[in-house]
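Below is one structure, written out as structure tokens; the observations come after it.
The values are calculated or read from the model by the stated rules, or taken from the named source; none is laboratory data. Remember, it's a predicted structure, so these values are computed and weren't measured experimentally. Cβ placement follows ideal geometry from the backbone for every residue including glycine, while neighbour counts extend to all protein chains displayed. These accessible areas exclude ligands, DNA and RNA; they are computed on the full protein's heavy atoms, side chains included. Shrake-Rupley method; radii C 1.70, N 1.55, O 1.52, S 1.80 Å.
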Amino acid sequence: MDTVGVVGRQDVAVGGRAFDLLLALARRRESLVTKQDLLDLVWPGVVVEEHNIAAQMSTVRKLLGAHAIATVPGRGYRFTAPLTEGLVDDARSSAPAAPTLTGFSQTHLPRELTPLFGREDDLTALAALVQRYRLVTLVGAGGIGKSLLARHVLSGAGGDYAHGVCWIELASVSDATALPARIAEALGVRPRAGEPLAGLCATASSLTMLVALDNAEHLLADVARTVAALLEAAPGLRLLVTSQAPLMLAAERVYRVGPLAVPEGPLPAALAQTFAAVALFVERARAADARFVLSDESAPAAIELCRQLDGLPLGIELAAARAPLLGVAQLAASMQERLQLLTRNRDAAAPARQQTLRAALEWSHGLLDERERTVFRRLGVMADSASLAFIQEVVADEQGPLDRWAVLDALGTLVDRSLVTVLADDGHDSREPRYRLLESPRLLAVEHLQAAGEEEALRRRHANVLAAAFESAWDERWSGRIGAQRWASAILQDASNARDAIAWARAAGECGTEVAIAVTLFVALPQSSHAERTALADLCESRAERVASPSLQLRAWSVAVRPMVHRQQEQSLALAGKALVLARALDGEAPDRWQLYQALSLWIEAAAVVLHPSSDALREALVELTALEDVQWPAQRLAWGLGGRRLARVALGGPDQPADQLHLTRRWIAALKAAEDETASCMGSLIDAELGCGHAHAAVQLGEQMLEQLADTRDEWSRMMVRVNLALALLTLDDTGRARPHLQAAWPATLQTNLHVLCSDYPALLAALEGRPRTAALLAGYADAAYAARGLVLHPNELAARKRCHALARAALGDKTFDRLMAEGRGLRDEQIEAMAFAIEDSI
């Protein structure tokens, strides 16, 4: 459509595109505007050739003069003409006829926007998308902060559009037929009479504006149809839609909003508040009570609270409103009751669906159909993320309309509606996506599951499916087809599901299910998860004889043994004996002799650390082990035999023992590496073997290298094992200054892991070398009693440390005093040792 411009008081015909080009340049006066910018501004969403710019530029220059627009070769154009009043009036008179506007200046945005927390990158990325594409849908869970983010985008973009920006709230629109009228009212236009959508499109066709449609999820199909029509009719319109699900239009670009950042673990208050979730919590808590302060003591509770709320801004704001009343610690401890607790929004003007956490969740749930609601509530039995196959096995019905494919379709909808999160890579080297119902929706799902009377059946199905999967995984662990750490990572993805399933099986009296899950989880867990591994081993020990399946019973005995860390080594050996008897009984039916080889290796390990088995029994077991071994077995299996052999070699002693021990330890670690297993925790054994050969300096060097490698990890188990052996190597060199901090740092961990007995002579030697003989004598008595109570044999390095300590202390005190103090020390308790061992002064 041509319009009429005035040049030197003469009429000049100006096309609509030429005018848009003039307006785009004039609004950016003295700024460089690239060709691509002009294409996006003047021909939004349309593919055109660059020569169109030259054609329209010629028209504009005829209107304003050749020097009004400067060309910057290879870069673009710059508007240079002075904006005189006459020129502005001429440009206005040249404009195409605009629609009738009744309230154009109204953006419907608040005068002051609530600050954004942790959304700077989102704001930048979203603004760039809106500039590039005509339709962008901002998708995320209810309460994630979509609306606030979109408002900030509009607030910063008002000057970029001839007719400004407009915010349109759709949550209150329940009748789809009222949608065009609602949009027209917000835009401030009067549609022509007739079909509402056609009238809206005709009236808005010449607008150049950024329009946000907020909360479209309950009218998805109708909003999609309206948006498509507006994009077709009004090339100057750009649309930003917020919704819990995409519109599914070809022109749509989807931007998903994630949760606010939450620290992975406890932090001091100052550092915790650098994470957006905690910063939001503190700001909102201060708004509720200006006296609120996050202290270093309360920061871990605030972090845990934000984690349980999945970094959801609405949940965090609702929780913060309760903080002055309950305190942070009590609030975090009450999160299982959050649907009843988080019922107070300090913003009374907020929509009803945002006044409580339950209302926000029920709004989302109400948009689902019956099949989707069924899948949603059944997902409540998933403790964390789960694979698609696992979900289908648990959620689908064996008979009926909800088959595996129906579950897949419903799950896709739940993902689209931001109720389920897709974890494409959750840090466990995942080969396939996993799906997770967030914590707050999960609580609602469980409520609906209970109301439907399905909870018991679904929890049984969940436990049985997981037990079957873990049964298969047990054999896979020793097959050689998968590296040990990759296998463990795959299992640990379902660790939370396993814990829930074990708890259900225990309550239901399903012993076989409980043990089947526990044994595989035990093997997958790292050594650093000592407390959980101990609990699982105790479970297997107490349930083994009640398990019907002999092969599962064998696994239970094997897990229960735990050489070196069992509270009673004699009991550990007895359990290993039971496993060996059962393995012999099953050996004839086994496809190979691996089960017997594994049980025999375990018995050798248990027998090598206690006092009473004879050397002949150990030698006979080693001969049998060699006969059973197949050199073609994968490293995952052969490492078991090497583990047993290295301990047996220590127990058997002899002049060649140190060199043999070092050789076997190196072979053992090499086998673990070949099996792609974790080896850091074994380095303490290698330090010990080097020291046994008299290589004290090499042992120290190895220990210091390992501590440096472990410095940035959370592997406290390996760090403890390295530190105690490094401390002994340093004590061997009389370097008490460097030995003390390592031993002092490791001692509390040895108590927690029941390994303190194995290094109980080290604090005594430290005291003797530091000139504290009375303390050394007392600690020597404690070490002697600790070994006797556990029935443990002293290995060569520990025996050497003991002899040296006794000699130094006796020389300083005399035999009588030494013997008296040592006898007194036998009565010391574990909790008394740390303060005594690492004191500066000698005991009185």
TODO: Pull up the stretch 355-404, narrow it to residues that are among the hydrophobic types (A, V, I, L, M, F, W, C) and in a loop (DSSP other than H, G, I, E, B), then point me to the one that is nearest to A495 (Cα to Cα).
DONE: A383
Task: Residue match in the stretch 557-577 (condition: touching a residue at least 60 places away in the same chain (Cβ under 8 Å) and of a type in the set (V, I, T)) - done: yes
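For the stretch 512-555, enumerate the residues that are hydroxyl-bearing (S, T, Y), touching a residue at least 24 places away in the same chain (Cβ under 8 Å), in a helix (DSSP H, G or I) and open to solvent by 10 Å² or more (accessible area, probe 1.4 Å).
Applying the first criterion (hydroxyl-bearing (S, T, Y)) to the stretch 512-555 yields 513, 520, 528-529, 534, 542, 549, 551.
Right, trim to touching a residue at least 24 places away in the same chain (Cβ under 8 Å) and you get 513, 520, 528, 534, 549, 551.
Pick out the ones that are also in a helix (DSSP H, G or I) and you get 513, 520, 534, 551.
The answer is T513, T534, S551.
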Open item on the list: Any residue at all in the stretch 632-652 that's open to solvent by 40 Å² or more (accessible area, probe 1.4 Å), farther than 21 Å from T665 by Cβ, touching a residue at least 12 places away in the same chain (Cβ under 8 Å) and of a type outside the set (V, I, T)?
Closed with: no
Task: Matching residues, the stretch 205-222, being closer than 23 Å to Y161 by Cα, aliphatic (A, V, I, L, M) and not in a strand (DSSP E or B) - done: L207
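If a residue counts only when it is within 24 Å of A608 (Cα to Cα), which helices (runs of 4 or more DSSP H) contained entirely in the stretch 651-769 have at least 3 such residues?
Numbers: elements: 657-674, 683-692, 696-710, 716-732, 736-752, 761-769.
So the answer is 657-674, 683-692, 716-732, 736-752.
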Task: Residues located in the stretch 242-287, provided they are open to solvent by 50 Å² or more (accessible area, probe 1.4 Å), outside any loop (DSSP other than H, G, I, E, B) and closer than 21 Å to A171 by Cα - done: V254, R256
TODO: Quickly run through the stretch 356-392 and pick out the residues that are without any contact (Cβ under 8 Å) to a residue 24 or more places away in the chain and either buried (at least 18 other Cβ atoms within 10 Å of the Cβ) or aliphatic (A, V, I, L, M) (or both).
DONE: A359, A389, Q392
Open item on the list: With among the β-branched types (V, I, T) and at pLDDT below 90 as the only criterion, which of V227, V173 stands out?
Closed with: V173
TODO: For the stretch 708-737, name all the residues that are open to solvent by less than 10 Å² (accessible area, probe 1.4 Å) and in contact with a His (Cβ under 6 Å, 6 or more places away or on another chain).
DONE: L726, A727
Task: Residue within the stretch 304-323 that is of a type in the set (D, E), under 23 Å from the mean Cα position of the chain (by Cα) and open to solvent by less than 30 Å² (accessible area, probe 1.4 Å) present - done: yes
- [ ] Inspect all residues belonging to the stretch 815-822 and state whether any of them is over 30 Å from R714 (Cβ atoms), part of a loop (DSSP other than H, G, I, E, B), open to solvent by less than 10 Å² (accessible area, probe 1.4 Å) and of a type outside the set (G, A, S).
- [x] no
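Go through the stretch 662-677 and report how many residues are in contact with a Lys or Arg (Cβ under 7 Å, 6 or more places away or on another chain) and farther than 25 Å from P796 by Cα. Spell out how you get there, then give the answer.
Of all residues in the stretch 662-677, those in contact with a Lys or Arg (Cβ under 7 Å, 6 or more places away or on another chain) come to 664-665, 668, 676.
From the residues that got through so far, the ones that are farther than 25 Å from P796 by Cα too are 676.
Residues that pass the stated criteria total 1.
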- [ ] Exactly one condition in (1) farther than 30 Å from T356 by Cα; (2) among the charged types (D, E, K, R); (3) assigned to a helix (DSSP H, G or I); (4) free of Cβ contacts under 8 Å to residues at least 12 places away in the same chain is not met by E456; state its number.
- [x] (1)
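Before we move on, is A507 more than 23 Å from A468 (Cβ to Cβ), surrounded by fewer than 21 Cβ atoms within 10 Å (Cβ to Cβ) and hydrophobic (A, V, I, L, M, F, W, C)? Break it down stepwise before answering.
On the way: more than 23 Å from A468 (Cβ to Cβ): no; surrounded by fewer than 21 Cβ atoms within 10 Å (Cβ to Cβ): yes; hydrophobic (A, V, I, L, M, F, W, C): yes.
Spelling it out, it is not the case that A507 is more than 23 Å from A468 (Cβ to Cβ), surrounded by fewer than 21 Cβ atoms within 10 Å (Cβ to Cβ) and hydrophobic (A, V, I, L, M, F, W, C).
Open to solvent by 10 Å² or more (accessible area, probe 1.4 Å) and either assigned to a loop (DSSP other than H, G, I, E, B) or free of Cβ contacts under 8 Å to residues at least 12 places away in the same chain (or both): which single residue out of A228, A202, A171 fits that description? So that I can check it myself, show each step before the final result.
On the way: A228 fails: either assigned to a loop (DSSP other than H, G, I, E, B) or free of Cβ contacts under 8 Å to residues at least 12 places away in the same chain (or both); A202 fails: either assigned to a loop (DSSP other than H, G, I, E, B) or free of Cβ contacts under 8 Å to residues at least 12 places away in the same chain (or both).
Within the list A228, A202, A171, the selection yields A171.
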- [ ] Please find, within the stretch 556-592, the residue that is modelled with the lowest pLDDT out of those that are in a helix (DSSP H, G or I) and charged (D, E, K, R).
- [x] E570
